Amino acid sequence: MSMSMLSWQRILTIGVCAPPCVAKVRRRRQFEPRRVGLDFVSSTEFSSGLELRPGRYFHHARRRRRQFEPRSSTKATAEFEASQVVSAFYDAYNRRAIPELLELFDQDVVYHDMAVYDDPFVGKAELAAYFDKIERLVPGDIRFVVDDITGSDAKKVGVIWHVELESENEGFVSLPFSRGCSFYELNETGKIIYARDLVEPATKPGPAALGAISAIAPVVRKLGSKADPRNLRSKDGKDLIKAAALYAFAATYVLVVLFSPIPPGSPGIRVDPSDLERIFHESLNFFYVNIALSNIHLSPVPNVPENPVDEGVFNFISAWSLSFLPLMANDPKGTSIGFKAKRNLWIGVMFLTNFFAPWYMARRMVPDVYTTFQTAGGADETPASLKLGGSATKLIAATSLSVGLVSVYWIIAGRPEYGPLEDRVGFFLEMSSNNRVFSAFLLDGFLYSIWQHVLLRDLGAKGWLSRVPLFGLAFWLLEQRTSDDK
């Protein structure tokens, strides 16, 4: 017996929701004393003083059935005993006679209060601890009223009930959202071996529930038993929750950078034209190649100088983005994505950094059992040169390391005409606090540090060096060997 109610239900969550005893049960015909558990209880003793309250739903059906059933049959006797045990349970609960109540249960009982708990109570010890909480925490005037109880099966009993509380002026009144039903199964010795409680929901969506079923059905049909929320407690389920959190973060990042007034500078959708022009000039000088060519008069495009601090940060983040390609290509958690999809996501990372990186970090966390995307094999596998220790991987690592070192120098001493170090520090602080694009690059560096640590950890990297931004990653990639080299 459970209750799922709004404020009432939360107050009574610990124990009112257990299957309590009959406060009021229908008066039955008088029978001879019968064996119930370890005690002899007569129907006269049990029903004495209880108010007659016919059930709305089963009363007429039961009366018609009894007209055709022999009163002296063994089946009729067993039926009465099963319903009597369950009724005694309700009665003991309402009197808070917990020891007496527990005597009605088998040692291996499974009791599931589905309105409150995901898992059932297994065994008499767990159930006893639960009822002990009820006795300590639930008001004594809370009682369960049996509206109807079945009697057609020798070992199985169904009950319709509601919960009442004694008011100050009106006697006992029904608690909101406290109507429910329960199912009980007895073993050969007359002990309750299984029980399940269900209660009416506090919110009733009406026809919208049918639409929800239509929306959920394709998902369940695709995932099967994996769609059960209880599976979220498994490792795959926890990874799925992490993936959902990362997807939410990825969407939040995009919305904040583009629309939120909280970060420094104007929102991304209203970026200043001068910022776009600055990014364009820095893109022409990507990895300092055009700057080097212009010094020997071989520059194919104009070399428009920008503040070296800005150029250094831009190229440092770009070099870091480049080094993520071999990490993504060899990621053991991303095997179901396929290399082509990884490559496409990495291209997005190269151009728009964390507009794409968190989406990959989220996608890789989705367990294979929850996805229909599988590696196509053959052409979609990671090329040998991009595997750890491969030639392309080493070239990427060396390039990223070189550009990263040049960027540090460029920030400190590049383009001397832009002044000494203190002027550069002043520029850095001003741009950090007033420019959306520049501050986004700094945020990219912080997030890249997290992604690097996670990806390297899953690849088995150990030690502090792998945690050093960019440089630790580049050195680790250079140290790797192919299986043939090993």
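Results, tabulated for the structure shown:
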quantity: 346, 320, reordered so the largest accessible area comes first (probe 1.4 Å); calculated: 346, 320
quantity: With every protein chain in place, region 302-346: carbon and sulfur % of accessible area (1.4 Å); calculated: 63 percent
quantity: Hz values of 3J(HN,Hα) by residue in region 201-212 - Karplus curve (6.51, -1.76, 1.60), Gly and Pro given as x; calculated: x, 6, 10, 10, x, x, x, 4, 5, 5, x, 5
quantity: Length-normalised contact order for region 250-333 - Cα pairs under 8 Å, 6+ apart - percent; calculated: 18 percent
quantity: Computed accessible area, residue 114, all protein chains, 1.4 angstrom probe, square angstrom; calculated: 80 Å²
quantity: Estimated FRET transfer efficiency (residue 405, residue 236; beta-carbon r; R0 51 Å; 0.05); calculated: 0.75
quantity: Förster radius 22 Å - calculated FRET efficiency between residue 478 and residue 289, Cβ distance, rounded to 0.05; calculated: 0.55
quantity: Residue 368 versus residue 204: modelled label distance in nm, points set 7 Å from Cα along the beta carbon direction; calculated: 4.8 nm
quantity: Virtual paramagnetic centre 7 Å along Cα→Cβ of residue 215, amide N under 20 Å, in region 233-250; calculated: 241, 244-245, 247-249
quantity: Entries of 238/462; 124/156; 191/235; 204/333; 235/342 with Cα pairs more than 30 Å apart; calculated: 191/235; 204/333
quantity: Point-to-point label distance, residue 136-residue 270, nm (Cα→Cβ direction, 7 Å offset); calculated: 5.9 nm
quantity: Protection proxy ranking, peptides 170-181, 82-93, 255-266, average beta carbon neighbours within 10 Å, highest first; calculated: 82-93, 170-181, 255-266
quantity: Ranked by how many other beta carbons lie within 10 Å on average, peptides 133-144, 292-303, 401-412 from highest; calculated: 401-412, 133-144, 292-303
quantity: In sequence order, calculated HN-Hα J values of region 167-179 (Karplus, 6.51, -1.76, 1.60; Hz; x Gly/Pro); calculated: 8, 6, 10, 10, x, 7, 10, 6, 7, x, 6, 10, 7
quantity: Full-stretch length increase - residue 301, residue 442 - with 0.36 nm per residue and alpha-carbon distance subtracted; calculated: 48.0 nm
quantity: Region 400-417 - phi-based ³J(HN,Hα) in whole Hz, Karplus 6.51/-1.76/1.60, Gly and Pro as x; calculated: 4, 5, 5, 5, x, 5, 5, 5, 4, 4, 4, 5, 7, 9, x, 6, x, 5
quantity: Residue 430-residue 453 FRET efficiency (beta carbon distance; Förster radius 35 Å; 0.05 resolution); calculated: 0.70
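The values are calculated or read from the model by the stated rules, or taken from the named source; none is laboratory data. Since this is a predicted model, take the numbers as computed values, not measurements. For neighbour counting, all protein chains shown are included, and Cβ atoms are generated from backbone atoms with ideal geometry for every residue, glycine included. Ligands, DNA and RNA are excluded from the accessible area calculation, which covers all protein heavy atoms including side chains. Shrake-Rupley method; radii C 1.70, N 1.55, O 1.52, S 1.80 Å.
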